[in-house]
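Here the structure comes first, spelled out in structure tokens, and everything after it is commentary.
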């Protein structure tokens, strides 16, 4: 297996650091628009693993399908891992297909709201542009494994596991994500510094959140509907010392993926944004700073959202000043395999101190990057195999969860948890 | 008198519309970096006043002292009215002096916080860079009339009036500014759209607010000290139907101007920002979007604060969608000329419906633009005269207030009010 990672931001960087401990691949090329960023990642990996010679850097414009295709051919990549902002999903996805490589991503092609009823009906849904090309991937005998980060990704693996092994009937598959992370500046003062791309955070939090309901599956929108941003706040109690966090509906790929392969009455995603982030996002929206269309500023044209992302600390750099834990998980309610009512939270917690110590990588991006590396290993060994455009829930969950949790060096040494409530 | 206005934003545009009704000048040149903006103002004035031939448009880079000087010479301007953002004060001020013209502005050269104690001591104060050159203006026999908008401007005229005619001793000169303005979009939904330059609003609201106290006049900072942003909130009851508005300390020129010419124990400025604006400003500061140093955004360099200003509706264009009244005024406490305690609010209210009907100009910029035009007329007739760098309180207030309030066509038909409380 020869892997080409497009994007050397936080997730692309962490994926290289995780992969360097594994033997399943022959080459790992890190490509970024900015070659210095890609080289920085390769240098960091090499410094940590003396003698490691499978990693190399390249540069590419992820928005240019032909450039992606050319780089796949040039590097001889068998698998493309897309680790750039979701606005580049369609070009990287198409470039990989054109070059005959398999493809993995951690976010899917973007949605567009319903033109008349944005907070009731779906328009173009997350991933629609990718699923529309599923036939081409099948005909080519190639696999696009979409949404295989942590959320979407591990959350979808949990859904398949719950359906196969824990529940006979599922009422709700509810992804619930929360953290108690704090970032401080040099003086120890708490600062506003999102752990993940602010561009993506704005995208997912300000778009109309989507939910899926089985009893509406026969309607024209196929069971999907939308709500206003920040709808239905709910306090969810997260494990391992994180505690209660206010969560709100957010647009997320799981709601589009899970109903395609797993039976449930309802699929939701709620994110523990916290009051400050909700206030920040509301203000950005009020001012129009969430917009992506370029505006003219003294003779140059820039996207306001790019400016917001540019002024905030790079998620890649905040690890050393971050404290706390992040939790990704799936809250499942329904009837257990024993016929009794069951309410179970399946989860994965990462302590920033651990990811910093072992990988010099902050926990939020590290947790995202971990899962596609596990998936690549399952594909390399043939444990997972398929063609077409498939979500993580299309594959057997057990080998994934086993490999994730098994101690090093056999596994990735990152256990997941299960809590019946 | 030949007037050159630098800046065809909201205030520069409104000043031309007001001036077109007066006969005291021979030529009025409107100059902007963007010649189309200047031409738009001239076209609007000409359309409203057929046969009017005193107005013309020009283009100039206000940050370039030599370009300002050249344009003053080219146009033969006797008076330069600076109507651009305060960051260009020093270049326009210097260009006018170099060309031998008199000068008026509505905001003064910018402050820089004290490097160690920003929220206790002043650093470089508003206007310091201008007062430092007062000797040059005096030697040249030329006048720089600084801070002659509405605030600073009319508020300073009120201070001189209160000292000369209403009070024997003044405890506090407290500028209090409030409004009940609402802006709606095409669908009638309330939107966030500041009536004044957002660049300036950020500058004055996030800088450490300054106060002056007579009993500290002997200290190294000359009586001036600073507070944290949004300090000492106070609900002030504004007249003519506006009602109570929460006001907070804000850095403003009056606090630097009034103590130089008017005796008082304390000088303050509080602005009725309202909860939403305070929350917006806090968020912009938290994110670093108030910063002015350019950041790199995908290969271009822009100032985040310029981007914030660029995404908001242009204050020049929101008049037709605005409703309500704005009030500028001075709250004076102390001992009246009769020896009894006195508490008086001197104020000027503009209803947006009136400024739109009579000038097609929204009330906040119109109210600012009105006062330098009145001052120019007093200078043209020789009623006001002086040399050096002088604030409005250096001149007799009565002819200003009379000309402002007198019905058209003799005066400007814009009465001011006095309320003893």
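The values are calculated or read from the model by the stated rules, or taken from the named source; none is laboratory data. Just so it is clear, the structure is predicted and the values come from calculations on it, not from any experiment. Cβ sites come from the backbone with ideal geometry, for glycine too, and all protein chains shown count toward neighbours.
The set of residues in the stretch B:14-31 that are farther than 10 Å from residue B:81 by Cα, within 20 Å of the chain's Cα centre (by Cα) and touching a residue at least 60 places away in the same chain (Cβ under 8 Å) comprises B:14, B:17, B:18, B:19. Among the residues of the stretch A:112-128, the one identified as more than 14 Å from residue A:211 (Cα to Cα) and surrounded by 22 or more Cβ atoms within 10 Å (Cβ to Cβ) is A:127.
The set of residues from the stretch A:73-100 being over 20 Å from the mean Cα position of the chain (by Cα) and under 17 Å from residue A:54 (Cβ atoms) comprises A:74, A:75, A:76, A:77, A:78.
Okay, residues lined up against (1) in contact with a strand residue (DSSP E or B) (Cβ under 9 Å, 6 or more places away or on another chain); (2) outside any helix (DSSP H, G or I); (3) within 12 Å of another protein chain (Cβ to nearest Cβ); (4) over 24 Å from residue B:249 (Cα atoms):
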| position | (1), (2), (3), (4) |
| --- | --- |
| B:310 | yes, no, yes, yes |
| B:320 | no, no, no, yes |
| B:328 | yes, yes, no, no |
| B:338 | yes, yes, no, yes |
| B:345 | yes, yes, no, no |
| B:349 | yes, yes, no, no |
| B:365 | no, no, no, no |
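Only one entry in B:370, B:316 is surrounded by 24 or more Cβ atoms within 10 Å (Cβ to Cβ) and outside any strand (DSSP E or B), namely B:370.
Checking the condition modelled with pLDDT of 95 or more, closer than 24 Å to residue B:377 by Cα and part of a loop (DSSP other than H, G, I, E, B), which residue from B:98, B:62, B:77, B:38 passes?
On the way: B:98 fails: part of a loop (DSSP other than H, G, I, E, B); B:62 fails: closer than 24 Å to residue B:377 by Cα; B:38 fails: part of a loop (DSSP other than H, G, I, E, B).
Of B:98, B:62, B:77, B:38, the one residue that is modelled with pLDDT of 95 or more, closer than 24 Å to residue B:377 by Cα and part of a loop (DSSP other than H, G, I, E, B) is B:77.
The residues in the stretch B:80-95 that are crowded, with 19+ Cβ neighbours inside 10 Å and assigned to a helix (DSSP H, G or I) can be counted, and the count is 8. So residue A:254 passes all but one of these: (1) facing another protein chain (nearest Cβ under 10 Å); (2) under 29 Å from residue A:144 (Cβ atoms). Which condition number does it fail? Failed condition: (1).
Out of the stretch A:136-148, which residues are touching a residue at least 12 places away in the same chain (Cβ under 8 Å) and either in contact with a strand residue (DSSP E or B) (Cβ under 8 Å, 6 or more places away or on another chain) or in a helix (DSSP H, G or I) (or both)?
Step one: list which residues in the stretch A:136-148 are touching a residue at least 12 places away in the same chain (Cβ under 8 Å), which gives A:136-138, A:140-148.
Listed by number, the residues that qualify are A:136, A:137, A:138, A:140, A:142, A:143, A:144, A:145, A:146, A:147, A:148.
Residues that are more than 8 Å from chain A (Cβ to nearest Cβ) and out of contact with any helix residue (DSSP H, G or I) (no Cβ under 7 Å at 6 or more places or on another chain) were ranked within the stretch B:292-302; the one that is nearest to residue A:33 (Cα to Cα) is B:299. Residues considered: A:86, A:50, A:115. Of these, the only one that is free of Cβ contacts under 8 Å to residues at least 24 places away in the same chain and within 23 Å of residue A:370 (Cα to Cα) is A:50.
Kindly state which strands (runs of 3 or more DSSP E) lie completely within the stretch A:160-279 and contain at least 2 residues that are surrounded by 23 or more Cβ atoms within 10 Å (Cβ to Cβ).
In the stretch A:160-279, A:167-179, A:210-213, A:243-249, A:266-271 are the strands (runs of 3 or more DSSP E) which contain 2 or more residues that are surrounded by 23 or more Cβ atoms within 10 Å (Cβ to Cβ).
Please work out if residue B:62 is crowded, with 20+ Cβ neighbours inside 10 Å, under 20 Å from residue B:315 (Cβ atoms) and assigned by TED's automatic domain parsing to the domain that holds residue B:98. Criteria met by residue B:62.
Here residue B:358 meets each of (1) free of Cβ contacts under 8 Å to residues at least 12 places away in the same chain; (2) closer than 29 Å to residue B:262 by Cα with one exception, condition (2). Would you confirm whether any residue within the stretch B:201-219 is within 14 Å of chain A (Cβ to nearest Cβ) and over 29 Å from residue B:263 (Cβ atoms)? Within the stretch B:201-219, one or more residues are within 14 Å of chain A (Cβ to nearest Cβ) and over 29 Å from residue B:263 (Cβ atoms). Scanning the stretch A:351-363 for residues that are crowded, with 24+ Cβ neighbours inside 10 Å and either over 27 Å from residue A:23 (Cβ atoms) or touching a strand residue (DSSP E or B) at 6+ places or on another chain (Cβ under 7 Å) (or both) yields A:352, A:362, A:363. In the stretch A:302-327, how many residues are closer than 20 Å to residue A:202 by Cβ and in contact (Cβ under 8 Å) with a residue 24 or more places away in the chain? Residues meeting the conditions: 11. Just one of the numbered conditions (1) part of a helix (DSSP H, G or I); (2) free of Cβ contacts under 8 Å to residues at least 60 places away in the same chain; (3) crowded, with 16+ Cβ neighbours inside 10 Å; (4) within 14 Å of chain A (Cβ to nearest Cβ) is not true of residue B:289: (1). Within the stretch B:264-286, being within 11 Å of chain A (Cβ to nearest Cβ) and touching a helix residue (DSSP H, G or I) at 6+ places or on another chain (Cβ under 6 Å) holds for B:280, B:281, B:283, B:285.
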